[in-house]
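The values are calculated or read from the model by the stated rules, or taken from the named source; none is laboratory data. A quick note: this is a predicted structure, and the numbers were derived from the prediction, not measured. Glycine gets a Cβ as well: all are built from the backbone with ideal geometry, and neighbour counts include every protein chain shown.
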Amino acid sequence: MTLKRITPKELHKRLQGKEKLVLLDVRDEEKYNQYHIEESLNIPKTVIFGMEKSGENTQQSLPRDQEMIVTCTTGNSATKCAGILDSHHYKVTVLDGGITAWKAYISSLREE
């Protein structure tokens with residue numbers, strides 16, 4: 001299974017274009033509260049890993065008909081979570097490099 005990926009630049013462009021995207025941040029609440037992409041949902045990865053163990057879809061709040069961009073600190077947990085969500089028939093895309101790459105991209109914009 002190959003998961004779709006998106007670069008911070010592509011994501012920024014799509015958000016600027018007011019595209020309707022669902023951003024899912026799978027970091028723990030503490031990290032999420034310190035910094036997150038505007039309007040992202042926070043469902044910690046432990047909850048999504050639980051979906052894999054139980055085989056049940058416990059996340060009724062997540063839309064199935066919309067693309068979800070999954071992110072974490074560096075992209076590793078997001079990739080694992082996206083795989084689980086994909087197996088539950090969600091449309092998922094992983095943010096390449098996670099929040100770390102996103103912050104670097106956003107700060108590079110400010111320097112221009």
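Please determine whether any residue of segment 95-104 is closer than 28 Å to Gly55 by Cβ, in contact (Cβ under 8 Å) with a residue 24 or more places away in the chain and out of contact with any Gly (no Cβ under 6 Å at 6 or more places or on another chain). Yes, because at least one residue in segment 95-104 is closer than 28 Å to Gly55 by Cβ, in contact (Cβ under 8 Å) with a residue 24 or more places away in the chain and out of contact with any Gly (no Cβ under 6 Å at 6 or more places or on another chain). Looking at Gly83, is it over 16 Å from Asp25 (Cβ atoms) and either at pLDDT 90 or above or touching a Leu at 6+ places or on another chain (Cβ under 7 Å) (or both)? Yes. Scanning segment 92-112 for residues that are hydrophobic (A, V, I, L, M, F, W, C) and either outside any helix (DSSP H, G or I) or touching a Phe, Trp or Tyr at 6+ places or on another chain (Cβ under 8 Å) (or both), we see that the one that is nearest to Ile37 (Cα to Cα) is Ile99.
Given the criterion over 24 Å from Lys9 (Cβ atoms), β-branched (Val, Ile, Thr) and at pLDDT 90 or above, identify the matching residue among Thr100, Thr74, Thr58, Thr46.
Thr46
Scanning segment 4-31 for residues that are in contact with a Ser or Thr (Cβ under 9 Å, 6 or more places away or on another chain), modelled with pLDDT of 95 or more and either under 22 Å from His88 (Cβ atoms) or outside any helix (DSSP H, G or I) (or both) gives Lys4, Arg5, Ile6, Leu23, Leu24, Asp25, Val26, Arg27, Asp28. Here Glu38 meets each of (1) closer than 19 Å to Ser107 by Cβ; (2) under 11 Å from the mean Cα position of the chain (by Cα); (3) of a type outside the set (Ser, Thr, Tyr) with one exception, condition (2). If we keep just the residues of segment 37-56 that are touching a Lys or Arg at 6+ places or on another chain (Cβ under 9 Å) and either in contact (Cβ under 8 Å) with a residue 40 or more places away in the chain or not in a helix (DSSP H, G or I) (or both), which is surrounded by the fewest Cβ atoms within 10 Å (Cβ to Cβ)? Result: Asn42.
What's the total number of residues in segment 16-31 that are under 14 Å from Val70 (Cα atoms) and more than 12 Å from the chain's Cα centre (by Cα)?
Number of matching residues: 1.
Given the condition assigned to a helix (DSSP H, G or I), of a type outside the set (Ser, Thr, Tyr), within 11 Å of the chain's Cα centre (by Cα) and within 30 Å of Leu109 (Cβ to Cβ), answer yes or no: does some residue in segment 59-74 qualify?
For segment 59-74, residues assigned to a helix (DSSP H, G or I), of a type outside the set (Ser, Thr, Tyr), within 11 Å of the chain's Cα centre (by Cα) and within 30 Å of Leu109 (Cβ to Cβ): absent.
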